[in-house]
Amino acid sequence: QLLYKLMYPHRVPLVPYLFPWIGSAVTYGMAPYEFFENCRQKYGDQFAFVMCGSVMTVYLGPKGHDFVLNGKLADVSAEEAYKHLTTPVFGEGVVYDCPNHRLMEQKKFAKAALTRDSFRSYVPKIVEEVRQFLDNSTYFGNKSGEAVVTGATPELTIYTASRSLLGDEVRAKFSAHTAQLYSDLDKGFKPLNFVFPNLPLPYYWARDNAQKAISDQYLEVIDRRRRDEKGEVHNRDLIDGIINNCTYKDGKKLTDRQIANLCIGILMGGQHTSASTSAWALLHLGQKPQYQEMMYEEQERVCGRDADGKLNDITYEDLQEMPFLTAVIKETLRLHSPLHSIFRKVLRPMPIPNTNYVVPKGHYVMVSPGYSMMHEDYFKNAHDFVPERWLEVDTRKDTEETIDYGFGEVSKGAASPYLPFGAGRHRCIGEQFAYVQLGTIFSTFVREMKWTLPEGGKLPEVDFESMVTLPKHPAKVVYVKREEKV
Ligand code: HEM
């Protein structure tokens, strides 16, 4: 440390390591939050570590979020950090495989399919998908039983997201073959691929084949719509949304192949994040079934019953009237931010405000909103699942580090401890859709069944080896369908 300090007086402390190139990759990769906590105790909020030949400068806490996520375009680059991982999976010409200003416009194109009107039409489709899944799937198809949520929620999320965002046509074509393709593509989205994006191995070939085959499928739908609908304007889903809005400000257009690839990128952005959130919510609700009853009562209060005593179908408007359901989602995201680390490549030296430190060009800067969201500095009883905290302003500690984002609202500011959807120019565009999708899924679950954790009632550990913070497979719940037909 002393030598390092003498050599680089303007660098943040570097975590010592034994093996060159590998550095702290293993300790960080196996338990990132524990690693951050240990480092914070030794070095404070800013420190650096070596990971597979790269130097990552971590800045923990809300000020760090602001420093990195609101970094200037000339200072930090997400595409330089992510593109080698994402381009083989999403395909060429979109997201990080293009200049940042193109991505910003692509996000706007996609937002056309993420409006209130579209959400209104998505809710009944999602309900139908969840009901079918609960009636027929190998996971929840019986009257009672044990279900592996880490298997169930990724499958269910593909059905609900593709039915709503890609439309009935894509969903109807789902088969065992398509499931295999999605699974092959998914395998390209692993932490290992950050380090080795391309190797001459079957697993990489399967990823590349799957990317091409799925992109071809979407391309076929785009072709057919263009051919049969001859310029009629529809707003059914993401594909329509992007077809209607695919001209950049400079007059250039996304090609149809790029539209197909953008659909893959956007679906992928929501797939793992939502599947992980669903799995954790089911587990927490299984551990504290009293919350299922509170959610059920909320369904009764907001949706009401028809003349036969059956609960009325849930609508998009109903979801807006359900603070407890929203609180369950918020609390799940607080404890299980699907992305534990967010990082950018540094393009020019970045002085850290109010310190003598400068992060050199070529290093990476990293933040972990997930770390802050589980820290006692910002949330009382930070490790407990307490959805009620989102209903009562007083339960959150107010420190000068936090900004007043108003309880019940999700923060849009970067200097906040609560940032499950990121902040700044790369902020998530899928937040509202995620709330609609998850809210509809959880509402349907509590209407159809009750569940607990298997004997022992312990939550599974986090699997940090996957791309998102999934529960360790196989995480199970024990369910029994409600007698009353809902
Ligand atoms: C970006 C989280 C769902 C599409 C992000 C980022 C986070 C995030 C943290 C910022 C990444 C960064 O700064 O590097 C989540 C969570 C979700 C979710 C927790 C659900 C629980 C979705 C869904 C979609 C989506 C459903 C699509 C419908 C995107 C896109 C970006 C993004 C397009 C922008 C990437 C960029 O500008 O670099 N998301 N997301 N996400 N997300 Fe999500």
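The values are calculated or read from the model by the stated rules, or taken from the named source; none is laboratory data. None of the values given here were measured: they were computed from a predicted structure. Cβ: placed from backbone, ideal geometry, glycine included. Neighbour counts: every protein chain shown. Calculation scope for accessible area: heavy atoms of the full protein, side chains included, ligands and nucleic acids excluded. Shrake-Rupley method; radii C 1.70, N 1.55, O 1.52, S 1.80 Å.
One table, with the values for the structure above:
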{"item": "Cβ charges +1 (Lys, Arg) and -1 (Asp, Glu), total dipole of the chain, debye", "result": "1420"}
{"item": "Cβ crowding within 10 Å averaged over residues, with 114-126, 302-314 ranked highest first", "result": "114-126, 302-314"}
{"item": "Whole-number percent relative contact order across the chain, with pairs defined as alpha carbons under 8 Å at least 6 apart", "result": "24"}
{"item": "Accessible area per residue, Å², the chain with all protein chains present, probe 1.4 Å", "result": "45"}
{"item": "Percent of alpha-carbon pairs separated by more than 22 Å within the stretch 109-237", "result": "50"}
{"item": "Cα-based shape type of the stretch 185-341, given that a ≥ b ≥ c are square roots of the gyration tensor eigenvalues and the cut on a/c is 1.5", "result": "oblate"}
{"item": "Carbon plus sulfur fraction of accessible area for the chain, probe 1.4 Å, in percent", "result": "55"}
{"item": "Volume per residue that the Cα convex hull of the chain spans, once the total is divided by residue count, Å³", "result": "156"}
{"item": "Relative packing of 251-260, 154-163, which averages over residues the other C-beta atoms within 10 Å, highest first", "result": "154-163, 251-260"}
{"item": "Highest-first arrangement of 48-60, 345-357, 23-35, where packing means the average Cβ count within 10 Å", "result": "48-60, 23-35, 345-357"}
{"item": "Charge tally in the Cβ shell below 14 Å around K212, where Lys, Arg are +1 and Asp, Glu are -1, K212 excluded", "result": "-3"}
{"item": "Extension gain from N100 to N209, taking 0.36 nm per residue of separation minus the Cα-Cα distance", "result": "36.5 nm"}
{"item": "Of G44, V89, L14, farthest towards positive along the dipole that unit charges on Lys, Arg, Asp, Glu beta carbons give the stretch 14-108", "result": "G44"}
{"item": "Extension gain from E220 to N198, taking 0.36 nm per residue of separation minus the Cα-Cα distance", "result": "5.2 nm"}
{"item": "Convex hull of Cα atoms in the stretch 306-401, direction-averaged projection (nm²)", "result": "9.9"}
{"item": "The stretch 75-146: C-alpha gyration tensor shape, a/c 1.5 cut-off, then a/b vs b/c", "result": "oblate"}
{"item": "Cα shape, the stretch 1-81, gyration tensor, a/c 1.5 rule", "result": "rounded"}
{"item": "Inter-part distance where the stretch 56-118 and the stretch 5-23 are each reduced to a Cα centre, Å", "result": "28"}
